[in-house]
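S.K.: Before I ask anything, let me first share the structure, which is written out below as structure tokens.
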Amino acid sequence: MDRPTALATPMKDAASSVIRLWDGVIERAEQLDGDDWLRPTPDRDMDVRALVVHLTTTLSPAAARGATTILLEQLRATRDAQAVRLSGLAEEADEAGQAGAQSTRGQRLLRASCLDMFVHAHDLSVALGHEPDLDDSAAATEACRYLMPMVGHLLTGEVGLAPASSVRLDVAGLQPPPGQPGTDVVTATPAALVLLLSGRGDADAWRERGALSWSGPTADAFVRRARLFS
């Protein structure tokens with residue numbers, strides 16, 4: 001008798017998508033040579049080597065400064081550990097969702113991992129001269145869901161608009177956050193919005209790629225100034 005196939009869920013898809021990002025990072029890291037390790041990334045505090053070290057959370061400072069073979073071994077080991085962790089978070093989120101929970105610990109942690117790895121994979125890719133990937137993977141979509149509740153804070157804290165000001169976000173495949181009746185509109189793909197709010201690229205660049213558009217002065221202020229990371 002055939003074994004039943006496990007049904008895909010949004011959380012399982014997100015976990016698999018993050019692992020594919022890990023695999024892409026490892027593939028690129030294995031091809032690094034010489035000065036590639038010293039290339040700057042979009043994160044002003046990190047070159048390529050520092051980014052890879054950041055991803056290998058188990059390395060001691062001495063090992064981080066050591067041979068690249070050790071660094072790559074630890075990168076692969078961290079990927080395998082993350083695969084187990086993310087699978088567990090997906091299971092936890094699905095079980096809680098089946099019990100009726102609207103927002104769960106597993107869901108939040110998995111979405112945070114989507115954001116973290118999506119941005120890191122982007123940074124490594126751009127540092128090595130590749131075009132930014134604007135494909136709306138499950139990781140990009142769940143990262144965007146993680147960020148959507150922060151829009152109000154970005155409008156009032158970072159953009160400096162009055163609390164009553166609002167921008168309606170129309171993101172492909174996502175419901176807008178509650179309380180967004182504004183006439184100014186930002187339309188974006190999940191990947192473009194995640195990268196924009198993470199301080200990667202700029203609004204005009206993503207608009208030229210057909211991944212972002214906006215209308216109204218409040219929307220213009222939002223796409224140019226709302227950033228989680230500088």
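The values are calculated or read from the model by the stated rules, or taken from the named source; none is laboratory data. Since we're looking at a predicted model, the values are computed, not measured. We place every Cβ from the backbone using ideal geometry, glycine too, and count neighbours over all the protein chains shown.
S.K.: It is to be established whether one or more residues within the stretch 209-228 are at pLDDT below 90, within 30 Å of Thr104 (Cα to Cα) and surrounded by fewer than 17 Cβ atoms within 10 Å (Cβ to Cβ).
M.R.: yes
S.K.: Still on this model: Keeping to the stretch 54-68, report how many residues are modelled with pLDDT under 90 and either part of a loop (DSSP other than H, G, I, E, B) or closer than 25 Å to Ser137 by Cα (or both).
M.R.: So the answer is 8.
S.K.: Would you please name the residue that is surrounded by the fewest Cβ atoms within 10 Å (Cβ to Cβ), looking only at residues in the stretch 162-184 that are assigned to a loop (DSSP other than H, G, I, E, B) and at pLDDT 70 or above?
M.R.: Gln175
S.K.: I'm told Leu154 meets every condition in (1) at pLDDT 90 or above; (2) out of contact with any Pro (no Cβ under 8 Å at 6 or more places or on another chain) except one. Can you identify the failing condition by its number?
M.R.: Condition not satisfied by Leu154: (1).
S.K.: Of everything in the stretch 157-175, what is over 18 Å from Phe229 (Cβ atoms) and either in contact with a Gly (Cβ under 9 Å, 6 or more places away or on another chain) or of a type outside the set (A, V, I, L, M) (or both)? Give them in sequence order.
M.R.: Across the stretch 157-175, the qualifying residues are Pro163, Ser165, Ser166, Val167, Arg168, Asp170, Gly173, Gln175.
S.K.: Here's a follow-up. All but one of (1) crowded, with 20+ Cβ neighbours inside 10 Å; (2) at pLDDT below 85 hold for Pro149; which doesn't?
M.R.: (1)
S.K.: Can you find a residue that is of a type in the set (Lys, Arg) and either at pLDDT 95 or above or in contact with a strand residue (DSSP E or B) (Cβ under 7 Å, 6 or more places away or on another chain) (or both) anywhere in the stretch 186-204?
M.R.: Checking the stretch 186-204: not a single residue is of a type in the set (Lys, Arg) and either at pLDDT 95 or above or in contact with a strand residue (DSSP E or B) (Cβ under 7 Å, 6 or more places away or on another chain) (or both).
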